[in-house]
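J.: Right, I'll just put the structure down here and ask away after.
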Amino acid sequence: MLTVDAAFERIGTALRQRQYSLVQEERPQAGTGDRVSVFDAPDMSVRVSWKETARLLEVQVKVGGEWVEFARHGFGPRGLEDSAVETLVRSLRNEVAETSTDSD
């Protein structure tokens with residue numbers, strides 16, 4: 001099981017490997033609660049959010065000035081499953097790489 005911080009770190013690392021930069025981050029003061037990180041690249045923006053009450057990890061991309069859902073995964077009270085976060089990271093790596101080359 002992963003912590004929310006560990007899941008955000010893995011997702012952020014995958015995006016930074018694709019030349020995305022962290023431009024905004026909202027973290028709870030108490031260590032638990034909702035969290036949002038926004039990453040930008042020249043061709044696309046990605047927002048990663050955690051909704052503590054719903055136990056929902058969501059990834060959105062900015063399309064035409066609006067945030068559109070890319071992927072989301074709900075987690076039970078025991079924590080975030082490592083395999084589910086890794087699946088999301090792989091999807092991001094594949095999709096971001098494909099989208100980035102579409103404009104070339």
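J.: For region 11-32, does any single residue satisfy the condition of being farther than 13 Å from residue 88 by Cβ, of a type in the set (Gly, Ala, Ser), under 13 Å from the mean Cα position of the chain (by Cα) and surrounded by 13 or more Cβ atoms within 10 Å (Cβ to Cβ)?
T.: No, every residue in region 11-32 fails to be farther than 13 Å from residue 88 by Cβ, of a type in the set (Gly, Ala, Ser), under 13 Å from the mean Cα position of the chain (by Cα) and surrounded by 13 or more Cβ atoms within 10 Å (Cβ to Cβ).
J.: Further, regarding this structure: Among (1) within 18 Å of residue 3 (Cα to Cα); (2) at pLDDT 90 or above; (3) of a type in the set (Lys, Arg), there is one condition residue 62 misses while meeting the rest; what is its number?
T.: (1) is the only condition that residue 62 fails.
J.: Right, here's the next one. Got a sec? Which of 75, 8 is of a type in the set (Phe, Trp, Tyr), more than 11 Å from the chain's Cα centre (by Cα) and modelled with pLDDT of 85 or more?
T.: 75
J.: Next question. Specify the residue that is farthest from residue 81 (Cα to Cα); the eligible residues are those in region 18-40 that are modelled with pLDDT of 90 or more and not in a strand (DSSP E or B).
T.: Here the residue is 19.
J.: In this structure, does residue 59 turn out to be within 13 Å of the chain's Cα centre (by Cα), surrounded by 17 or more Cβ atoms within 10 Å (Cβ to Cβ), among the β-branched types (Val, Ile, Thr) and not in a helix (DSSP H, G or I)?
T.: yes
J.: Could you grab me the full set of residues in region 81-104 that are at pLDDT below 85 and either basic (Lys, Arg) or within 25 Å of residue 29 (Cβ to Cβ) (or both)?
T.: 93
The values are calculated or read from the model by the stated rules, or taken from the named source; none is laboratory data. What you see is a predicted model; the values in this text were computed from it and never measured. All Cβ positions, glycine included, derive from the backbone under ideal geometry; neighbour counts span all protein chains shown.
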